[in-house]
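These notes concern the structure reproduced below.
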Amino acid sequence: MNSQNTDKVNEEVSSVPYTYYPDNVSILFDVLDSKILFNLDFDDNTVSVINANDLKSGETEIFGYVVDYRVKADSNLVCIIVDRIGGIDIIKDGKAYAYTGVQVEELITTTVIDENFKKELILEILNRISKNGFSKEDFLCIIENSKTDLTLPDCYFWEDYIMDICKTVRFVN
C-alpha cells in the first residue's frame with residue numbers, strides 16, 4: 001500500500017461543521033380554550049408570543065406566522081411545566097409570591113384570567129426557562145401529556161438553544 005494515500009486519510013478536516021442548528025418553528029398551544037402561538041426564532045434568539053384565539057380550525061397562519069406544530073392539552077400540562085421549571089413567581093399587590101404547578105393550575109381553572117395576567121404568566125414561565133433551561137425530557141413530558149404532532153426528534157436539539165432564545169420575548173399582539 002502506498003503511504004502517500006494513508007497520509008491523506010489521516011489528515012484532519014476542521015472546516016466541516018458537525019453541529020446541528022435547529023430551524024425556526026412555531027408551536028400552537030391550545031390549553032383551556034386559549035390558543036397561544038410560540039415562535040421559536042433560533043436565528044435571532046427570540047421567542048415571539050402570539051395570541052391566536054382568532055385562529056380558526058384548519059387555518060395554519062396568523063400574523064404571518066405559520067403553525068408548525070400543535071399541542072392540545074388541559075390545565076394539568078401547565079401544572080407539569082411549572083413544576084418542571086422549578087415553580088414561578090406571581091406578583092400580587094406589589095409582592096412576589098412563589099407558586100407551584102398545582103397552585104397555578106388551581107388559579108387558572110378557578111378564576112377568570114385576563115390577558116395581562118396571561119402575559120405575566122407566559123413571561124414568567126419563559127423567564128424561568130431562560131434561567132433553568134428545558135431538557136429533552138421536559139419536551140418529552142409535553143409530548144406525553146398532550147395531543148400533539150410534535151415528536152422528540154423534532155425538538156431534539158432545542159435543549160441547547162432554548163435558554164438563550166427565552167431571554168428575549170416579544171408579544172406580537
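Restricting F157, F134, F117 to those that are touching a Pro at 6+ places or on another chain (Cβ under 6 Å) and aromatic (F, W, Y) reduces the list to F157.
All of D138, D154, D164 fail the test of being under 15 Å from the mean Cα position of the chain (by Cα), without any contact (Cβ under 8 Å) to a residue 60 or more places away in the chain and in a helix (DSSP H, G or I), apart from D138.
It is to be established whether one or more residues within region 91-100 are surrounded by 14 or more Cβ atoms within 10 Å (Cβ to Cβ), in a helix (DSSP H, G or I) and at pLDDT 95 or above. No: zero hits. Please indicate, with yes or no, whether at least one residue in region 108-121 is outside any loop (DSSP other than H, G, I, E, B), surrounded by 16 or more Cβ atoms within 10 Å (Cβ to Cβ) and under 14 Å from the mean Cα position of the chain (by Cα). Yes, region 108-121 contains at least one residue that is outside any loop (DSSP other than H, G, I, E, B), surrounded by 16 or more Cβ atoms within 10 Å (Cβ to Cβ) and under 14 Å from the mean Cα position of the chain (by Cα).
With the requirement that a residue be open to solvent by 20 Å² or more (accessible area, probe 1.4 Å), assigned to a helix (DSSP H, G or I) and of a type outside the set (D, E), what does region 123-135 give you?
Taking region 123-135 first, the residues open to solvent by 20 Å² or more (accessible area, probe 1.4 Å) are 123-125, 127-128, 131-132, 135.
Imposing the further condition that a residue be assigned to a helix (DSSP H, G or I) reduces the set to 123-125, 127-128, 131-132.
Listed by number, the residues that qualify are L123, I125, N127, R128, K131, N132.
Taking the criterion of being farther than 19 Å from L40 by Cβ and among the acidic types (D, E), the residues of region 103-131 that qualify are E105, E106, D114, E115, E120. From the list D154, D114, D83, the one residue that fits, being at pLDDT below 95 and charged (D, E, K, R), is D114.
The values are calculated or read from the model by the stated rules, or taken from the named source; none is laboratory data. The structure presented is a predicted model; accordingly, all values stated were derived computationally and were not measured. Cβ coordinates were reconstructed from backbone atoms using ideal geometry, including for glycine residues, and neighbour counts include every protein chain displayed. Ligands, DNA and RNA are excluded from the accessible area calculation, which covers all protein heavy atoms including side chains. Shrake-Rupley method; radii C 1.70, N 1.55, O 1.52, S 1.80 Å.
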